[in-house]
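In what follows, a structure is listed as structure tokens, so that the remarks can point back to it.
The values are calculated or read from the model by the stated rules, or taken from the named source; none is laboratory data. All figures in this text were calculated on a predicted structure; none of them were measured in a lab. Heads up, the Cβs are rebuilt from the backbone with ideal geometry, glycines too, and the neighbour counts pull from every protein chain shown. Note: accessible area is taken over every heavy atom of the protein model, side chains too, but ligands, DNA and RNA are not part of it. Shrake-Rupley method; radii C 1.70, N 1.55, O 1.52, S 1.80 Å.
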Amino acid sequence: MAHECIFIVDDEKLIRWSIRENLEAEGYAVREAESGRKLFAALAEQEPDLLLLDHRLPDITGMEILEKIRKQAPEIAVVMMTAFGSVESAVHAMKLGAADYLTKPVNNRELSLVIRKALEAGKLRREVRRLRNERRAAHGSINVISESRAMREIMELLERIIASPAATTILLEGESGTGKNLIAKAIHYNSQRSEQPFVTITCSAITETLLESELFGHERGAFTDAKVQKKGLLEMADHGTAFMDEIGEMTPGLQAKMLRFLEDKVFRRVGGTTDIVVDVRIIAATNRDLAQAVKEGRFRDDLYYRLKVIPVRLPALRERREDIPLLAQQWVDHFNLEFHKSTRGFSPAALDVMSRYHWPGNVRELKNLVERIMILHSEDVVDVQDLPKPVREGRPAEDFRGVVPVGEMTLEEMEKHAIGEALERTGQNQVRAAKMLGISRDTLRYRVKKFGLADHESVSPLSES
């Protein structure tokens, strides 16, 4: 039996009675109103799932009611009814948001089908809204917990960016694990584009040819495997946000094409001849020093300056040590809920040790540490002896052995070293190594090839054991 509530709004009592008998027999809860005034009085008491609305009422037209309903209660499905049907009025009603349009006398079977269809569409709209609200709640908070001056200044800058309707390009810079992905989502889901797509593009995960196709799409027959036309990610992000992660890894050829796109917001699919115009906010991110890459000729200077219209540098965790206790407690509270625990937090001595640790993996490493402790720990308070040995001793995380002082390695050497150690630690399992490093499997495979870690290339990336 159905449980949805339907309001019948018609000034003819016999029509209301006939429709009500049919709908109540199908299990719907039904209320009646013979005028617009009585309808709005009923709406103040109860919001129905659907309105069956007559086009002509004594005090107001059905179209006027439809316009008000769409503004005040957009989740209510509206089916218009009229004895004076015309194509023009039907089209007008649909443009105003009516789910359907019926001509009286209404056929009961047709009415039942139309109502079921309209209610299903309403359920879908409510589910989409619910998911969007959940997504916004999960990713949208810009109220980052912080006592550090550097982070407070960044939050103030982001608030100004979010308030602006301009689709200004933003460049997020900072080490891996500093939260660039979370900041990008916070910008999007708090902006006027929050109802539109948020598309992530990892520029290092695939080859230049495939990345071009992923970015711009391709026409059928553009290359051997192009059996159908495909929209690119930039096209799919139209009116929304494209988050371009690891943009420092983009090849010179693609850098030139990306520059042209940023200048005009126009591109062509691979193999295409038609210009496609999109309205996309670009948020780029890198853990590389792009200014140095420009000096070394590895990154175009014009693209660099086009990307950094608003540069945002996220500080490493060791640069904001005063935030470590706050972040640690935040993750304790989070995992208490997830794991159904009641851990109160870290002891002052443990927090002191954690505050002196270098945190090469930044906020991501801190989160992983708290999660691991919360899984294994059973006491109310986490003390010094509960911390991993590398943290207690102030050396890099235990996942990466063979420690080499940071000052004696370049950033690229550190990355190669970490990947090699992760693969060794996981018995050459790329899935687990990628998870340990906090990167995607495709990114890991790209790095393995880039650094010439030939011994690991033969390892099956699909192995889970």
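Things worth noting here:
- Heavy-atom SASA rank of LEU158, LEU233 (probe 1.4 Å, accessible area, largest first): LEU233, LEU158
- Accessible area per residue, Å², segment 264-375 with all protein chains present, probe 1.4 Å: 49 Å²
- Couplings 3J(HN,Hα) of segment 267-274, computed from phi: 8, 10, 5, 4, x, x, 10, 9 Hz, in residue order, whole Hz [Karplus 6.51 cos²θ - 1.76 cosθ + 1.60, θ = phi - 60°; x for Gly and Pro].
- With every protein chain in place, the chain: carbon and sulfur % of accessible area (1.4 Å): 51 percent
- Cα pair distances exceeding 23 angstrom across segment 15-99, given as percent: 18 percent
- Spin-label model distance (nm) - LEU376 vs GLU153, 7 Å beyond Cα toward Cβ: 3.9 nm
- The C-alpha atoms of the chain define a longest principal axis, and helix 149-163 lies at about 30 degrees to it.
- Förster radius 45 Å - calculated FRET efficiency between ARG260 and ASN107, Cβ distance, rounded to 0.05: 0.20
- Accessible surface ranking that places the most exposed of MET155, MET436, MET94 first, with a 1.4 angstrom probe: MET94, MET436, MET155
- Contact order relative to length of segment 262-389, as percent, for alpha carbon pairs under 8 angstrom and 6 or more apart: 20 percent
- Proximal lysines relative to LYS185, as straight alpha-carbon distance under 23 Å, when same-chain residues fewer than 8 apart are discounted: LYS231, LYS265, LYS308, LYS367, LYS435
- In segment 185-306, inverting the average of 1/r over every pair of distinct C-alpha atoms gives 15.0 Å as the Kirkwood radius.
- Simple label model, 7 Å out from Cα along Cβ direction - THR209 to SER342, nm: 6.2 nm
- The length gained on full extension between CYS5 and ILE145, counted as 0.36 nm times the residue separation minus their Cα-Cα distance, comes to 46.0 nm.
- Within the straight-line cut-off of under 19 Å between alpha carbons, the aspartates and glutamates reachable from LYS104 are ASP10, ASP11, GLU12, GLU21, GLU32, GLU34, ASP54, GLU88, sequence neighbours fewer than 8 places apart in one chain being disregarded.
- Convex hull volume per residue in cubic angstrom - Cα atoms of the chain: 222 Å³
- Amide H contacts of VAL30 (H built 1.01 Å from N, under 5 Å, at least 5 apart or other chain): ILE6
- Principal-axis tilt of helix 411-425 within the chain, Cα atoms, nearest 10 degrees: 80 degrees
- Dipole-positive endmost among ILE187, THR274, THR202 within the chain (Cβ charges, Cα centre): THR274
- Listed by chain and number, the aspartates and glutamates whose alpha-carbon sits under 16 Å from that of LYS117, ignoring those within fewer than 8 places in the same chain, are GLU4, GLU26, ASP49, GLU75, ASP100, GLU127.
- Among beta bridges from DSSP that stay inside the chain, the antiparallel ones total about 10%.
- Amide H contacts for GLY217 (H built 1.01 Å from N in the peptide plane; partners 5 or more residues away or on another chain; cut-off under 5 Å): GLY232, LEU233, VAL270.
- Dipole magnitude (debye, nearest 20) for segment 245-285, charges at Cβ of Lys, Arg, Asp, Glu: 200 debye
- Largest accessible area first, the residues THR103, THR82, THR224 order themselves as THR224, THR103, THR82 under a 1.4 Å probe with ligands, DNA and RNA left out.
- Assuming charge only on the beta carbon of Lys and Arg (+1) and of Asp and Glu (-1), the dipole of the chain about its Cα centre is about 500 debye to the nearest 20.
- Calculated FRET efficiency for the pair GLU127/THR61, C-beta based, R₀ 22 Å, to 0.05: 0.10
- Degrees separating the helix 441-450 axis from the principal Cα axis of the chain, which is the longest one: 40 degrees
- FRET efficiency, 1/(1 + (r/R0)^6) with R0 22 Å, evaluated for GLN72 and GLU120 via beta carbons: 0.45
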